[in-house]
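Undergrad: Provided herewith is a single structure, encoded as structure tokens, for subsequent inquiry.
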2 protein chains.
Amino acid sequence: MAAGLFADKGYHATGIAELERAVGLGRGALYHHIASKEDLLWDINSRYLIELIDGGEELVAMDLDPVERLHRLSRRVMSSIASHLPELTVCFRETRSVTGERRQSLLALHQRYEDVWVATLLAGYEAGRFQTADTLAVKALLGMHHYSYLWLRPDGPRLPEDIADFFTELILNGLANRESQPRGRGRRRQ
Amino acid sequence: MAAGLFADKGYHATGIAELERAVGLGRGALYHHIASKEDLLWDINSRYLIELIDGGEELVAMDLDPVERLHRLSRRVMSSIASHLPELTVCFRETRSVTGERRQSLLALHQRYEDVWVATLLAGYEAGRFQTADTLAVKALLGMHHYSYLWLRPDGPRLPEDIADFFTELILNGLANRESQPRGRGRRRQ
């Protein structure tokens, strides 16, 4: 519930009194249960990121076809976002609101999560299945998936797994209709 | 400078006194020059979004090859983000901090901007150059580009236009190495 307030109003715009109402505690009681509002923020940020990392590192360790691994990673991320939309919104948007040493820990978690995508692309590239493992391709994939916190409706007509499959097919096969143009894969600058 | 503070600390975490220091005004003076802190937020949000819309609608109106239009749109967006990183960070992150009627106006601007991408994909699809104009393809493109506010370094080794070209080629031609697998473009679920 705290995640819902942080996601909806933003961390800094959310008052302690509102948080207390949201978690069903009396005035002043929240400070007895959690050390501070920022502890709540840290808990939300780290917990769901760790869940994404654990799921992703499991996939990286499995002996999977690189295309299949990409499909599964995409599905895990999209279904996490759909199942925990307020929490992941906080994760993707409020990193800078965490201060001090915990900010560093959080940035390290973000890096470990990104490394899952790096490893997934690299394995596919080394196996000759992907054309590149360029950092920009990683950033492109991260952006495609994470931006969904802004538009995804968990009760929308398309299942998160179907959205993931659409994204994976799009990034694998490309938007261009190859029947209408030469098949060359070189850079076509006009 | 206000944009830098909002981008760095977040809108709600930025105090009036800091804003006054940043814009070089004495205590209390900011309120004489701008009606409120939220006016500043609105100005930043709307101004750069309108710039993106104007540039995009110009491209949509031009008689261009759809692939070329996509390249140019991508370059405009990436170079805008690189040139106005704090402002676009505020644009992409602080929409919900704008309240009341202006929130509605801002959402309408975001929609007009998204419509530029929709029109770009649709024209390519109708011309037989793109395989789809699905909303999800639009969301994928928006995500790839906008997420860059989190990692783009305007003084980094790759020019924003080169990053744009990488993204456009990737989305057009796909990540899959087609030499190592069948050429069929059907859905390959494993």
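The values are calculated or read from the model by the stated rules, or taken from the named source; none is laboratory data. Keep in mind the model is a prediction, meaning the values are calculated, not measured. Cβ placement follows ideal geometry from the backbone for every residue including glycine, while neighbour counts extend to all protein chains displayed.
To keep it simple, each residue is scored yes or no on (1) within 18 Å of the chain's Cα centre (by Cα); (2) within 22 Å of B:Leu152 (Cβ to Cβ).
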{"site": "A:Thr95", "(1), (2)": "yes, yes"}
{"site": "A:Gln104", "(1), (2)": "no, yes"}
{"site": "A:Leu107", "(1), (2)": "yes, yes"}
{"site": "A:Ala123", "(1), (2)": "no, no"}
{"site": "A:Tyr147", "(1), (2)": "yes, yes"}
{"site": "A:Leu159", "(1), (2)": "yes, no"}
{"site": "A:Phe166", "(1), (2)": "yes, no"}
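Undergrad: Residues being buried (at least 16 other Cβ atoms within 10 Å of the Cβ), modelled with pLDDT of 95 or more and more than 21 Å from B:Met78 (Cβ to Cβ): count how many of those fall in the stretch A:162-190.
TA: 8
Undergrad: Next question, about the same structure. Only residues in the stretch B:43-55 that are touching a residue at least 12 places away in the same chain (Cβ under 8 Å) and closer than 11 Å to B:Glu87 by Cβ count as the first member; pair them with residues that are outside any helix (DSSP H, G or I) and among the hydrophobic types (A, V, I, L, M, F, W, C), Cβ under 7 angstrom, at least 6 apart or cross-chain, and list the lot.
TA: Close Cβ pairs (under 7 Å, with a partner that is outside any helix (DSSP H, G or I) and among the hydrophobic types (A, V, I, L, M, F, W, C)) amount to B:Asn45/B:Val98.
Undergrad: Does the stretch B:39-54 include one or more residues that are part of a helix (DSSP H, G or I), at pLDDT below 80, surrounded by 19 or more Cβ atoms within 10 Å (Cβ to Cβ) and away from every other protein chain (no Cβ under 14 Å)?
TA: Scanning the stretch B:39-54 turns up no residue that is part of a helix (DSSP H, G or I), at pLDDT below 80, surrounded by 19 or more Cβ atoms within 10 Å (Cβ to Cβ) and away from every other protein chain (no Cβ under 14 Å).
Undergrad: Exactly one of (1) among the polar types (S, T, N, Q); (2) farther than 24 Å from A:Pro86 by Cβ; (3) in contact with a Leu (Cβ under 7 Å, 6 or more places away or on another chain) is unmet by A:Gln104. Its number?
TA: The number of the failed condition is (3).
Undergrad: Working carefully through the options B:Val118, B:Val98, find the one that is touching a Ser or Thr at 6+ places or on another chain (Cβ under 9 Å) and without any contact (Cβ under 8 Å) to a residue 40 or more places away in the chain.
TA: Answer to the selection: B:Val118.
Undergrad: Does A:Asp115 meet the test of being surrounded by fewer than 19 Cβ atoms within 10 Å (Cβ to Cβ), within 21 Å of the chain's Cα centre (by Cα) and among the acidic types (Asp, Glu)?
TA: It is true that A:Asp115 is surrounded by fewer than 19 Cβ atoms within 10 Å (Cβ to Cβ), within 21 Å of the chain's Cα centre (by Cα) and among the acidic types (Asp, Glu).
Undergrad: Just to be sure I understand the filter: pairs with C-beta atoms under 6 Å, separated by 6 or more residues or on different chains, first member in the stretch A:1-23 and over 18 Å from B:Arg96 (Cα atoms), second member among the β-branched types (Val, Ile, Thr) and assigned to a loop (DSSP other than H, G, I, E, B). Which pairs pass?
TA: Every condition considered, the pairs that remain are A:Met1/A:Val23.
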